Structure formats: structure tokens, C-alpha cells
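Structure first, then comments.
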Amino acid sequence: MVSGTTAAAGRTKAPKLAERLVGKCPEPVRTYLVLMRLHKPTGVVLYLLPGLWSVSLASDRRPELLTVVWLALAAVLVRGASCAVNDVVDKDIDAQVARTASRPVASGKVSVTKALLFFVVQAAVSLLILMRVNGATALVVAASYPLLVAYPYMKRAFPWPSSWLALVINAYVLAGWSAVTGSLDYPLAVFGLYACGFFWTLFHDTVYSHQDKEYDRSIGVTSSALMFGESSKLWLSVFIALSVTGALWAGVEMGTGWAFHVLVLAAGALLSYQVVRVDLDDPASCWDTFVTNRYYGWIILAATVAGQFT
């Protein structure tokens, strides 16, 4: 059995800025920041970036900084809310896994009642923030909340929970477009971006799930790692191809220039390299790949900008 402490060791050898900042906060504050996962903000980035792709393409070279700020603040809170409800549902499972046993709810530092209240507050405040952008944006994110709440149950009742996660978090693609246009009427380019984000999520969540596959197998929950098994790298390659195809489709629909297509292909090459180098039986390697795969999203964002000027 692969020990979850191996992954923990790989992640704690050099604390990052976010971990240091959270670590300096008073204990009561730090506990809730950890519940939000602000000490490990990769999840916020993975949620926010697809929304920024849409903002960039919809803005015609002139994205409003305030819109980006509101979307970023809301993304932090929506991700924090999802972590709170996830930790409540998974508290008994988390307590059995070395990597997650220290989470605030699983360890008893935060009660179930307080965690649920924290979820409600974050979910409500995020919608109030998005209302400052426009009602359509808030409506899109609000519509994703039932799916968000249902996600923790998918690993118990659904053989491929990563696909549900991909469905939920890429609602921010729609939110980003609505933030600029104020409309729920989406062109085909948006669905290309959605496909790009959807298959990117399948990629990074499959890698992530390999950290805990032995625990998941013994506990009896489902994951992409267990579903794909020895074929995981083949499926990761398929997800890269489909994600890149979605992005290129969006670029064609929007009439972007050559730089967009070059950068998208470069982003795909980066993920392909990660597939080659990752050791899916080493939790530390899986974590490092999960964290560094965010560069794919940043390159796609750069492509949406550069493609409008070439």
C-alpha cells in the first residue's frame, strides 16, 4: 500500500508563500483558512482560469480590471464553500487517509455545524459579489451550487466522479462570458472553451486521484485512478487532445490570430511532457504534476490575449 505520508512529505519540504502566510495567522483564523484550502491555492487557480479565458475572448482586447477582480474574489469563496461542504460529507473518509486526516472537520477542529454555516456564508457572499458584475453571472454560479453540493456524494454512487467535477467547475467559463456581456446567450466559442476546461479538469483530477488510490480501494470509494488503472496515461493523453481541440475550436470561432493556435499547441505539449514524466504510483510525483499543470491554464489565457493582437 502506498502511504499517504509520502505525498505529505513531498509537499512539506519547502513551504510556499501561501502556506507561510496562512501559517502566521492566529489559530482560529488559520483553521478556517485551511478549511478553505487557502494554504494550497492551486484549486482556486484551476477554477478561476477557465472563467478568465472567457473574459479575455469576450472583451475584445479591453477586459475591465474590476470585473476580473470580482470574479477572482468570488472564485476564492466558491472554492472555499465547496471545500467546506466536501469536508463535511467526507469527514469519516478523510479521517482514514493519512493525507487528509488533519483537515479541520476530519480532525474535529471545526464542527459539522460550523463548517456548514461557513459554506452558506461563503456561497452567499460570492453571489453578492457577482451581483456587482451583473445578474446573469450570479445566476450561472448559483445554478452550479446544487451540482457542487452533490459532488462529494459522487465518489460513493458514481463510477467516474471526476466527470461530475469537470461539469461543475467549468461553469465559470459561462460565468466569465456573462460577466462581460451580461447575457446568457453563448456563442459556439464558449462551448469550445468549456470543452477545453472540461477535459483539462479530467486530466488534473485523474492525476490527483492517483495519490489516494490505495486508500480509495480499501475504503470502497470510486475515482478516476481506480477506473482507468494501468490505462491512466493513455486516457490522460486523450484528455489532452480533446482539451486542445476545444481550445482550437474556440479560436476558430472567434477568428483569433496565429499566436493563439501556436500557444495552445505549446500548452498541449507541456501537458504531454507531464504525462511522460509523472509516476502515477508515487503520490509526491502526482502532487507535483497536479500543481504544475496549472501552467497549461495560464498559457491558454496568454493565447486568448495574444490571439487578438496577431
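With springs only between Cα atoms under 10 Å, which of Ala266, Ala171, Ala84 fluctuates most in a Gaussian network model of the chain? Evaluated over the chain, the most mobile residue of the options is Ala266.
Backbone geometry of region 43-52 corresponds, through the Karplus equation with coefficients 6.51, -1.76 and 1.60 at θ = phi - 60°, to 3J(HN,Hα) couplings of x, 5, 4, 5, 7, 6, 4, x, x, 5 Hz, x marking Gly and Pro. Placing a pseudo-label 7 Å from each Cα along the Cα-to-Cβ vector at Leu184 and Glu27 gives an inter-label distance of 4.8 nm.
Using the Stokes-Einstein relation with a Kirkwood hydrodynamic radius computed over Cα pairs, the translational diffusion coefficient of region 156-299 at 4 °C and a viscosity of 1.567 mPa s comes to 82 µm²/s. Among 66-73, 122-129, sorting by the average number of other beta carbon atoms lying within 10 angstrom of each residue, highest first, gives 122-129, 66-73. Applying 1/(1 + (r/R0)^6) with R0 = 51 Å to the Cβ-Cβ distance of Ser218 and Ala124 gives a FRET efficiency near 0.85. Sorted from greatest to least, the principal axis extents spanned by the alpha carbons of the chain come out as 51, 43, 37 Å. Where in region 55-71 is the amide nitrogen less than 17 Å from a point lying 7 Å along the Cα-to-Cβ axis of Phe309? Inside the label zone: 56-65. For Gly257, the amide hydrogen comes within under 5 Å of the amide hydrogens of Gln308, Phe309, Thr310, counting only partners 5 or more places away or on other chains and with H modelled in the peptide plane. Extending 7 Å from Cα along the Cβ direction at Leu73 and again at Ala157 yields two label points whose distance is 3.6 nm.
Here the 3J(HN,Hα) profile of region 197-204, calculated from phi with Karplus coefficients 6.51, -1.76 and 1.60 at θ = phi - 60°, is x, 4, 6, 5, 4, 4, 5, 6 Hz, Gly and Pro shown as x. The trypsin sites (Lys or Arg not before Pro) of region 12-117 meeting both criteria, a DSSP state outside H, G, I, E and B (loop) and at most 16 other C-beta atoms within 10 angstrom of the site's C-beta, are Lys13, Lys16, Lys24, Arg61. The label point for Ser102 and the one for Trp298, both projected 7 Å from the Cα toward the Cβ, are 2.6 nm apart.
Listed cross-link partners Lys24/Lys114; Lys40/Lys109; Lys109/Lys233 are compared with a 30 Å cut-off, the Cα-Cα value being larger for Lys109/Lys233. Computed from phi, the 3J(HN,Hα) profile of region 90-96 under the Karplus parametrisation 6.51, -1.76, 1.60 (θ = phi - 60°) reads 9, 4, 6, 5, 4, 5, 9 Hz, with x in place of Gly and Pro.
If you take all other residues with their beta carbon under 9 Å from the beta carbon of Asp94, and give Lys and Arg +1 and Asp and Glu -1, the sum is 0.
Read-outs throughout are calculated quantities, based only on the coordinates presented, and are distinct from any laboratory measurement. Only a predicted model underlies this, so the values are computations on that prediction, with no experimental measurement involved. Neighbour counts are summed over all protein chains in view; Cβ atoms, including those assigned to glycine, are modelled from backbone coordinates with ideal geometry.
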